[in-house]
Amino acid sequence: MDSVTIKMINKKRILNLIKERYQISRSEISKETGLTHPTVSRIVDGLVHKDQLVKYMGVGNGNVHHKNGRPPVIVQFKGEDNNIIGIDLGATYIRGCLINLNATCLSEIQIPTEINKGFDSIIEKINQIVEKFKKRKGPNAQIWGVGIGVAGLVNKDTGIIESSPDFGWTNVDLRKELEGKINLPFFYDNSTRLMALGELRFGNKQNMNNFAVINVGYGIAAGLVVEGKLVRGDSGYAGEFGHILVDSTSKVQCDCGMYGCIEALASGHRIANLGIKAFESGESDILKELSGNRSSNIDAEIVGKAAKKGDRASIQIYDEITEYLAKGIATLANLLNPEVVFIGGGISLNGKFFFDLIEKKISKYLLSSKSNLKIKASSFEEQETTMGAVSLIMDKIMNLELHAYNHENIQRQER
């Protein structure tokens with residue numbers, strides 16, 4: 001192993017230790033890493049003055065001193081002045097958050113996606129959000145990068161979005177379209193996979209290393225964490241939970257071309273269609289009331305509201321779709337043995353009503369050894385993909401993968 005690689009490894013160890021402890025003395029760093037005091041001092045100095053990820057806090061005021069008699073120098077992770085932009089590129093809304101490295105959301109933006117206005121309009125809206133956040137950051141803060149979560153099959157090697165039914169995209173190179181517009185490092189990945197990454201990095205997971213995040217919205221997908229690592233698969237397509245076959249006799253066709261997929265039978269799109277049918281057949285006065293007597297206004301959210309108001313037709317719809325979801329979640333649990341399955345996405349916002357239905361149905365599909373499986377709501381509700389997108393950049397910062405990025409470009413933000 002060459003000296004450059006060794007230096008980089010040592011720098012990562014020290015940076016991650018400082019972040020984990022938040023505040024620590026250089027002598028403690030030396031003791032915990034086994035590195036010499038001069039080596040620690042040199043690396044910390046670089047993290048303070050060049051990378052600006054750490055700051056000096058003065059000397060300790062206790063009775064602990066170096067063997068040379070000097071008090072220890074205290075350093076602290078500089079999370080507050082280092083920011084990340086996270087963007088959830090959804091089919092209905094584009095949501096953005098400016099978040100510091102302490103995971104505090106400083107500012108939020110939400111604008112309609114308006115898919116009907118075309119691809120170029122969506123690219124321009126992403127750029128507008130980034131520019132607004134640049135203006136909103138603190139005077140002494142820097143933005144390290146932009147993370148973007150997008151629904152679709154994102155090839156992990158090429159970055160090509162090979163398919164996104166939500167947007168009607170095929171073989172879209174988002175990097176090529178955004179380069180030259182966003183003057184910051186930016187990275188993107190499948191939104192549900194990023195939900196799992198956000199749960200891993202920032203969620204209330206209590207050191208869990210094996211869990212799944214199911215995203216139930218317009219479509220359905222999963223993000224998987226196995227032994228503490230995000231599962232991407234060979235090309236980056238792992239987690240297509242929505243295309244598990246749960247009804248071989250179904251005549252409902254999925255966008256993938258198959259019949260009886262979970263996504264075809266239990267997504268927000270399916271709930272809305274079933275709600276419209278109930279409206280048009282005169283089965284629900286509550287749906288008529290909530291929709292303003294217009295079937296075109298009916299979506300999964302309205303059907304959920306009607307169900308919670310006691311509407312029999314809407315309760316039946318949710319009873320049906322949760323049966324399919326329970327069957328799919330049990331299949332995943334029997335295969336991977338996760339400690340917890342988190343459920344996020346718009347449909348999960350129905351809260352206790354929705355989760356009680358899942359809990360009621362799932363046991364009959366689980367192996368007895370998996371009967372203690374926990375089903376929980378995502379930790380971040382509507383910010384779940386945004387937090388995952390932030391995690392994408394956070395990981396790169398802590399692994400020093402943005403170290404080579406020209407600091408001159410970062411400093412431009414301050415001019």
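The values are calculated or read from the model by the stated rules, or taken from the named source; none is laboratory data. In this text, all values refer to a predicted model and were calculated from it rather than measured experimentally. Every residue, glycine among them, receives a Cβ derived from its backbone with ideal geometry; neighbour counts consider all protein chains shown. These accessible areas exclude ligands, DNA and RNA; they are computed on the full protein's heavy atoms, side chains included. Shrake-Rupley method; radii C 1.70, N 1.55, O 1.52, S 1.80 Å.
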In whole percent, and with a 1.4 Å probe on the protein chains, what portion of the accessible area of the chain is carbon and sulfur?
47 percent
Expressed in nanometres to one decimal, the distance between label points 7 Å along Cα→Cβ at residue 140 and residue 355 is 4.1 nm
Mind checking the log10 I(q)/I(0) for segment 220-360 at q = 0.12, 0.13, 0.17 Å⁻¹? Debye, one equal scatterer per Cα, no solvent, two decimals.
-0.52, -0.60, -0.95
Kirkwood Rh in Å, taken over segment 70-151 so that all alpha-carbon pairs contribute
13.9 Å
Inverting the mean 1/r over all pairs of different Cα atoms, compute the Kirkwood radius of the chain and quote it in Å.
23.4 Å
For segment 40-181, report the translational diffusion coefficient in µm²/s to the nearest whole number, using Stokes-Einstein at 4 °C, 1.567 mPa s, and a Kirkwood Rh over Cα pairs.
72 µm²/s
Of the listed links 156/229; 12/132; 12/137, those spanning more than 22 angstrom between alpha carbons are 12/132; 12/137
The helix 312-336 Cα axis meets the longest alpha-carbon principal axis of the chain at an angle in degrees, between 0 and 90 and rounded to 10, of 50 degrees
What does the charge dipole of the chain about its Cα centre add up to, to the nearest 20 debye, if the Cβ of each Lys and Arg holds +1 and the Cβ of each Asp and Glu holds -1?
1600 debye
One checks the Cα atoms of segment 237-310 and finds Rg and Dmax, in Å, of 14.1, 42
The Kirkwood hydrodynamic radius of segment 155-245, taken as the inverse of the mean 1/r over all distinct Cα pairs, in Å, comes to 14.4 Å
Can you tell me the 0 to 90 degree angle between the C-alpha axis of helix 268-280 and the longest principal axis of the chain, rounded to 10?
30 degrees
Rounded to whole Å², per residue accessible area for segment 161-312 with a 1.4 Å probe reads 47 Å²
